[in-house]
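What follows draws every value from the coordinates through simple rules; no lab data is involved. These numbers come from a predicted model, not from an experiment. Cβ placement follows ideal geometry from the backbone for every residue including glycine, while neighbour counts extend to all protein chains displayed.
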Amino acid sequence: METDTHVYLFATCVVDLFSPQSGLDAVEVLEALGVTVAFPRDQTCCGQPAYTTGFADDARRVAAAQLDLFPQPWPIVVPSGSCGGMLRHHWPRLFADDPQRLAQAEALAARTVEFCDFVDTRLAASQVADTTPVRLALHTSCTARRELATHLAGRRLLAKLPGVELLEPEHEAECCGFGGTFAIKHPEISAAMTEDKLDALQASGCAQFVSADCGCLLNLNGALERRPTTLRGLHIASFLRSRLATRGAEQRR
Amino acid sequence: MSGDRQPRPQDFKVQSRAALADPALRASFRSAMDFLVDKRAAQFPDIGAYERLRSLGTRIREHALAKLPELLERLEQNLTALGVQVHWAETPSDANRIFLDIAARHGAQAMVKGKSMVSEEIELNREMAAHGIDCVETDMGEYILQLDGDRPSHIIMPAIHKTKADVSRIFAEKIPGSAHTEDVDELIAIGRRALRERFRDAPIGVTGANFLVAETGSLVLVENEGNGRLCTSVPEVHVAITGIEKVIERLEHLPPLYTLLTRSATGQAVTTYLNIVTGPRRAGEKDGPREVHLILLDNGRTQAWRDQRFRATLQCIRCGACMNHCPVYTRVGGLSYGTTYPGPIGAIVSPHLLGLDATRDLPTASSLCGACGEVCPVGIPIPELLMRLRGAARRRPAPERKPLRDEGAARSRAETLVWTAWALLYSRARLYRWFSWWATRLRRLTPAWQGGWTRGRVPLRPAPRSLRELLAQRRR
Ligand code: SF4
């Protein structure tokens, strides 16, 4: 078991504005693990949307504004896998020709931990309160899978939760069609990928699916709302919170 | 998509939409790609061993590119010493002119051709036909396409978009005297019989080359049907054409690349044929061509080579694995791209061949999922290159660097403005807080139509309160 007492939460833009509950649930899960969560209030975005669209200079400006926000040597927990990959792998590239910022970016990259990864190494079975049987699928964002191997941490984490049966939909490792501005520049191709992903999820027989990436969840849930189904994706932090004995869970009882 | 209207990269959006609307095409591509993906995976059971082989392959290709000018010189010297005539072609029309000269010198009216993507790149068949020369495809897939006036949709499996019924119809229509059948073996037999006659009569055999070995002056040709061997041995003249990037330094560099190629491409441990051509027929030899030519095509490759950010593009060994694993290619098929090379490799190489303007929609047609980069046997960071091409298409060229062809062509004032505003908003914390406060309060005003996003999804709408506000309330 690791013994950090403090962490930073870097929630990123999508969580802040579109999926704040995921961020809140992440905070509660982390607190249930006994760590104090600091949320630097000036944080905004990792810069990924501009970076992947070909506007590296704009991405650099936004990333630079985050560099001073995490002064303590605490882990920086990111509840959105692709943003975690951005911090870990692409921030150092953004500042390749600026030695001072590069050093900062590298130090931050080394402290960046994806949410599932962090929780997985600290969660004890005794903390699980709810063991109702549930059939679940796990969707991992592509960059999180390839840059951080988040799918493995996610699976390990879910395996620790009694009652959870993890299903594997067809083409589980395939992209859900989000891809940032790709979804806007090539909407038909993106939609075709999303529809296939949803077909596979529905065919798997899962009651719910979880993901540690809010971009994918916005995409998949946005398309699911147009389907005659109650199936929805949930941030893995929200699912965890519902299974753990957290402060919020007690309040709700 | 057979017939007169050839697909163009400029029409990628229209073409891909049409392909998406064709459920039969989508289903057949999906199952064909799944088949290739599984076959490849079965060839690399040990991830550690694969990673080692792949990094060896990557190093070999990087090394060859680092010494490209020197290796090309050495290759030319060694080929010339062996009696092979080497020609340099900067553009497709240069290459076609060389073909015409060779044909004229031999009074040739016909050529037989093995599978060669570079010959597609220069549209050899069409150019030769315009000058009264019949250039016949002898790879079965390519032959089917040629009979139908169609184009390849995959660099390894060119006719993957054709069904058995299509082939049966094409053969019955185009091969005189052939009986109608839908039996695959019979169809192949019909095709082979028709091709045999062409091999016997053609004075010139044309092939591509998978690798060129500088130290020995060898042309290496990887194939399964034996048509490549016939093209390089039956006709009096053999003309090989390939890109300048295909050169490797030593013969010992070949086995790892060959292994990576066949396993990644078709999931084969070895192919049926591996042809290594080292010079024309020598005195005392009973067969083989009396004349061998090699045409080395540039066609934009030097542009990719000279810019360190894009050089890795040329590491490609044309295995097609990136296409087989690409969720976009799998759905839109190869013809939608309108380029010789479709899929991820097409999206990174075509901008150098055709310019960033004509190909502006190709680098953006990727979710950057990374499946291509993961399977590329020579470690090309395809997603990185796609991002760089996106940037190059949208940025004014830097004055200190020689620009790429059509650099900045996709730059639009509106898009630039959007990102400038975005950067302003997200780099000023107070401004962002103010913005998010209002965005959450005015969430009911978010438009119901949000461009491409709402095509298949409900509109994006900010939450009632942002996370930062919720956390602030919670602490109170
Ligand atoms: S880019 Fe890589 S995976 Fe794609 S064809 Fe070339 S070598 Fe194969």
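Applying 1/(1 + (r/R0)^6) with r as the Cβ-Cβ distance of residue B:41 and residue A:149 and R0 = 22 angstrom yields a FRET efficiency of 0.75. Three principal axis extents describe the C-alpha atoms of region A:125-247; from largest down they are 47, 34, 28 Å. About its Cα centre, the dipole of the protein assembly as shown is roughly 2620 debye, where the only charges are +1 on Lys and Arg Cβ and -1 on Asp and Glu Cβ.
DSSP finds beta bridges in the protein assembly as shown, and of those with both partners inside it, around 15 percent are antiparallel.
Taking 0.36 nm per intervening residue step and subtracting the Cα-Cα distance, what contour gain separates residue A:245 from residue A:165 on full extension? Each step should come with its number before you reach the end.
Working: separation 80, 0.36 × 80 = 28.80 nm, distance 2.02 nm.
Extending this stretch completely gives an extra 26.8 nm.
In summary, the aspartates and glutamates within cross-link reach of residue A:160, defined as a Cα separation below 15 angstrom excluding same-chain residues under 8 places away, comprise A:117, A:120, A:130.
Region A:13-31 and region A:147-184 have Cα centres spaced 18 Å apart.
Kindly give the semi-axes, whole Å and largest first, of the ellipsoid equivalent to region B:21-62, taking each as the square root of 5 times a Cα gyration tensor eigenvalue.
31, 13, 5
Multiplying the residue separation of residue B:441 and residue B:418 by 0.36 nm and subtracting their alpha-carbon distance yields 6.0 nm.
Once the convex hull of the C-alpha atoms of chain B is built, how many Å³ does it hold per residue, rounded to a whole number?
Values: hull volume 87.4 nm³, N = 476.
So the per-residue hull volume is 184 Å³.
When chain B is described by a simple charge dipole with +1 on each Lys and Arg Cβ and -1 on each Asp and Glu Cβ, the residue from B:88, B:23, B:386 located farthest towards its positive end is B:386. Note on region B:118-257: Kirkwood radius taken over Cα pairs, Stokes-Einstein applied at 20 °C and 1.002 mPa s, translational D equal to 130 µm² s⁻¹. Close Lys pairs in chain B (alpha-carbon distance under 25 Å; sequence gap of 8 or more, or different chains): 18. What residue among A:99, A:152, A:40 has its Cα farthest toward the positive end of the dipole of chain A, where the charges are +1 on Lys, Arg and -1 on Asp, Glu, each on the Cβ? Checking the options against the dipole of chain A, the answer is A:40. Taking Cα centre as origin and charging only the Cβ of basic (Lys, Arg, +1) and acidic (Asp, Glu, -1) residues, the dipole magnitude of region A:68-167 rounds to 280 debye. Model label points for residue B:165 and residue A:72, set 7 angstrom from Cα along the Cα-to-Cβ axis, are 6.8 nm apart. Using only the Cα atoms of region B:329-476, each taken as one equal point scatterer with no solvent, compute I(q) by the Debye sum, divide by I(0), and report log10 of the ratio at q = 0.10, 0.15, 0.20 Å⁻¹. The Cα Debye sum returns log10 ratios of -0.55, -0.97, -1.21.
Here region B:57-125 and region B:335-365 have alpha carbon centers that stand 23 Å from each other. Inverting the pair-averaged 1/r between distinct Cα atoms of region B:429-475 gives 11.9 Å as its Kirkwood hydrodynamic radius. Coordinate range of the alpha-carbon atoms in region A:191-236 per principal axis, descending: 22, 21, 15 Å. Given H placed on each backbone N at 1.01 Å, which residues far from residue B:134 in sequence or on other chains put an amide H within less than 5 Å of it? Amide H neighbours of residue B:134: B:110, B:111. Across peptide B:361-373, the average count of Cβ atoms from other chains found within 10 Å of a residue's Cβ is 6. Among B:438, B:305, B:88, B:449, sorting on how many other beta-carbon atoms sit within 10 Å of each Cβ, with the fewest leading, yields B:449, B:438, B:88, B:305. Each eigenvalue of the Cα gyration tensor of region B:5-162, multiplied by 5 and square-rooted, gives one semi-axis; in descending order these are 32, 28, 15 Å. Rg and Dmax of region A:6-119, based on Cα coordinates, read 13.4, 41 Å.
Would you list B:261, B:425 from fewest to most Cβ contacts within 10 Å?
Fewest to most other Cβ atoms nearby, the residues stand as B:425, B:261.
Per-residue shielding of A:57-66, expressed as the average number of other chain Cβ atoms within 10 Å of the residue Cβ, stands at 5. Cys residues of chain B that find no other Cys beta carbon under 4.7 Å: B:135, B:231, B:316, B:319, B:326, B:376. Just so you know, the averaged projected area of the alpha carbon convex hull for chain A sits at 13.3 nm². Only alpha carbons enter this Debye calculation for region B:67-302, each as an equal point scatterer, and the log10 of I(q)/I(0) it gives at q = 0.08, 0.09, 0.12 Å⁻¹ is -0.29, -0.37, -0.66. Ellipticity at 222 nm from helices only: DSSP H runs of n ≥ 4 in chain A, each -39500 (n - 2.57), divided by the residue count, give -13500 deg cm²/dmol.
Ordered by the count of other Cβ atoms within 10 Å of each Cβ, fewest first, B:44, A:178 give B:44, A:178.
For region B:382-427, a simple Cβ point-charge model (Lys and Arg +1, Asp and Glu -1, everything else neutral) yields a dipole of about 140 debye relative to the Cα centre. For the protein assembly as shown, the equivalent ellipsoid built from the Cα gyration tensor has semi-axes of 52, 27, 23 Å, listed from largest to smallest.
Within chain B, which DSSP H helices have Cα atoms that stretch 24 Å or more along the helix axis and a mean Kyte-Doolittle hydropathy of at least -0.5? Don't skip to the end; give the middle numbers.
Details: long enough: B:23-43 (30 Å, -0.13); B:47-66 (28 Å, -0.30); B:184-201 (27 Å, -0.54).
Span-like helices here: B:23-43, B:47-66.
Tell me, how many Å apart are the Cα centres for region B:213-292 and for region B:390-465? Cα centroid to Cα centroid, the span is 50 Å.
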